[in-house]
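Peer 1: Here's a structure for you.
No lab work stands behind these numbers, since they all come straight from the coordinates. The structure presented is a predicted model; accordingly, all values stated were derived computationally and were not measured. Here the Cβ positions follow ideal geometry from the backbone for every residue, glycine too, while neighbour counts run over all protein chains shown.
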Amino acid sequence: MAEQGAALREAEDRGYEPSDVRIGAVLGIAALLAAAVALSALLLGVLLGLFEGSQPPPAGSPLERTELVPPGPRLEARPQEELKQVRARESQLLQGYGWIDRDAAIAHIPIERAMAILAERGWPDAGGEAEAR
């Protein structure tokens with residue numbers, strides 16, 4: 001206490017305080033804080049490693065175990081092959097004969113034949129009669 005009183009009297013005599021902060025004390029406290037943070041991080045890492053190794057992994061939820069198929073249109077795995085298949089089906093429909101509904105007697109015919117029949121008979125009107133041109 002006597003040292004502080006003497007330091008205060010000396011500061012009053014000079015008109016200012018000769019020393020603001022003791023740098024050694026500040027650096028010491030900063031070093032202690034850094035060491036405490038490093039020790040805490042190390043301890044936390046060790047504890048997490050022990051905890052992770054001690055328990056089996058949790059089972060997935062039912063949603064995680066199901067395979068979800070996104071709605072169409074989806075990406076094609078082999079687009080060239082699938083395009084060939086689509087064009088072959090379309091070609092078969094446009095150039096071949098086949099039943100659409102056998103019970104209702106509805107069939108499809110090649111497009112060239114359909115255009116020839118339309119040219120011969122004319123376009124049917126709303127009543128089902130063909131117009132002759």
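Peer 1: Filter the stretch 53-101 for residues that are closer than 30 Å to Arg113 by Cβ and polar (S, T, N, Q) and give the result.
Peer 2: Gln85, Ser91, Gln92, Gln95
Peer 1: Mind checking whether some residue in the stretch 21-33 is loosely packed, with under 10 Cβ neighbours inside 10 Å and either of a type in the set (Phe, Trp, Tyr) or in a loop (DSSP other than H, G, I, E, B) (or both)?
Peer 2: Yes: one or more hits.
Peer 1: Answer yes if at least one residue in the stretch 17-24 is over 45 Å from the mean Cα position of the chain (by Cα) and among the acidic types (Asp, Glu), and no otherwise.
Peer 2: yes
Peer 1: Which is in a helix (DSSP H, G or I) and of a type in the set (A, V, I, L, M, F, W, C), of Leu83, Leu68? So that I can check it myself, show each step before the final result.
Peer 2: Values: Leu68 fails: in a helix (DSSP H, G or I).
When all the criteria are applied, what remains is Leu83.
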